[in-house]
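Let me begin by presenting the structure, written as structure tokens, before commenting on it.
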Amino acid sequence: MGATREGGQPVCLRCGDAGGSVRERGRIGLMASYCEGCWNTLANEMAETDGATATPRPEPDPDDVTWIEPPVCPECGALIRIYPTNYDRWVSLAMVEMPAKDVPEAFRWRLMPLPTRSPIPVDIVAVRVRGIDPLPSEPVVPAHSMMCVPEWGEP
């Protein structure tokens, strides 16, 4: 929920501003309130650290019934999955899960359904595995940057 002033007005945790742009941020309730400027700064710093620098996928036209192919990495040509992160940036992930023992800590992600009232997942968010290390055999989704080997031109 974050800090509040008298009257229950939320306060930015970084700058202390209580303006109209202060609200809880992120796709999953982080229990922290930030103003627009501080949130963008924080989210960009986290994205740079995590390697979450992918561009979002375009929204499909609801009237278009053609098959949507997975995106392709421009560096190596491999298929990738692009998901939003819990801090509103996008990350390219590998197409397969791997045991945590085979993925370095910096590249471990999990795909989490957003909490809803419906038992059917509405949206999925990529969350970095941090804090408590997973068991060695526990599946994680590696960031594509761990598996990306650029294609080399012919000699």
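The values are calculated or read from the model by the stated rules, or taken from the named source; none is laboratory data. Everything numeric in this text was worked out from a predicted model, so none of it was measured. When we count neighbours, we look across all protein chains shown, and the Cβ atoms used for this are built from the backbone with ideal geometry, even at glycine. These area figures cover heavy atoms from the full protein model, side chains too; ligands, DNA and RNA do not enter into them. Shrake-Rupley method; radii C 1.70, N 1.55, O 1.52, S 1.80 Å.
Excluding ligands, DNA and RNA, the accessible surface per residue across the chain is 66 Å² with a 1.4 Å probe. Using the alpha-carbon atoms, what tilt in degrees (0 to 90, nearest 10) does helix 36-50 show relative to the longest principal axis of the chain? Roughly 30 degrees, rounded to the nearest 10. The loop-placed trypsin sites (Lys or Arg not before Pro) in the range 50-155, going by DSSP, that have at most 16 neighbouring Cβ atoms within 10 Å of their Cβ come out as 117, 130.
Between 145, 21, 92, the residue with the greatest mean-square fluctuation in the GNM of the chain (Cα pairs under 10 Å linked by springs) is 21. Sequence-distant contacts, meaning Cα pairs under 8 Å at least 6 residues apart, place the relative contact order of the range 42-150 at 28 percent.
Protein heavy-atom surface of the chain, 1.4 angstrom probe: 57% of the accessible area is carbon and sulfur, with nucleic acids and ligands not counted. Shape summary: the chain maps onto an equivalent ellipsoid whose semi-axes, from the alpha-carbon gyration tensor, are 32, 19, 17 Å in decreasing order. Of the chymotrypsin sites (Phe, Trp or Tyr not before Pro) in the range 95-153, which ones lie in a loop per DSSP and count no more than 15 other C-beta atoms within 10 Å? Passing both the DSSP loop test and the Cβ count: 152.
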